[in-house]
1. Taking all protein chains in place and a 1.4 Å probe, what share, in percent, of the accessible surface of region 1-46 do carbon and sulfur account for?
2. Quick one: Karplus J couplings for region 70-78, per residue in order, coefficients 6.51, -1.76, 1.60, θ = phi - 60°, nearest Hz, x for Gly and Pro?
3. Find me the longest stretch of the chain that has none of the exposed trypsin sites (Lys or Arg not before Pro), where exposed means in a DSSP loop (not H, G, I, E or B) with at most 16 other Cβ atoms within 10 Å.
4. If you take the C-alpha gyration tensor of the chain, multiply each eigenvalue by 5 and take the square root, what semi-axes do you get, largest first, in whole Å?
5. Could you pull out every residue, at least 5 positions away or on a different chain, whose amide H is within less than 5 Å of the one on GLY29? Hs are placed 1.01 Å off N in the peptide plane, and Pro or chain starts have none.
Amino acid sequence: IKRRRNAFYGTDLDLHLRARGITTLIVGGQRTTVGVESTVRDAFDRDYALIVLADGCGGVPEDEQRWAMTRVFPTMARVLTCAEVQMLLA
């Protein structure tokens, strides 16, 4: 159960991921500059490799979306489209 904006806060998510040997996270969701960004920042601090879905996030004005995808997320994650990630996983 996600209790706050950050998917890690107040949950056992990190414990479950590490128990399964998961080291890379693919992140998308609503409110790019709130929930997604909070989760990405925390995951980065926990040393996960990150992929942010450029076309799998939203719920914010276009200028905020563009800023997050071009300025914020590239400092912590690879920013890829859903199609690009699908090709990587194929």
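1. The value for region 1-46 is 50 percent carbon and sulfur by accessible area.
2. Running phi through 6.51 cos²θ - 1.76 cosθ + 1.60 with θ = phi - 60° gives 9, 10, 8, 5, x, 7, 10, 8, 7 Hz.
3. No qualifying site falls inside 47-90, the longest such stretch.
4. Gyration-tensor ellipsoid for the chain: 20, 17, 11 Å.
5. It is CYS57, GLY58, by chain and number.
The values are calculated or read from the model by the stated rules, or taken from the named source; none is laboratory data. Model, not experiment: these values are computed from the prediction. In this analysis, Cβ positions are derived from the backbone assuming ideal geometry, glycine residues included, and neighbour counts consider all displayed protein chains. For accessibility, only protein heavy atoms count, side chains too; no ligands or nucleic acids. Shrake-Rupley method; radii C 1.70, N 1.55, O 1.52, S 1.80 Å.
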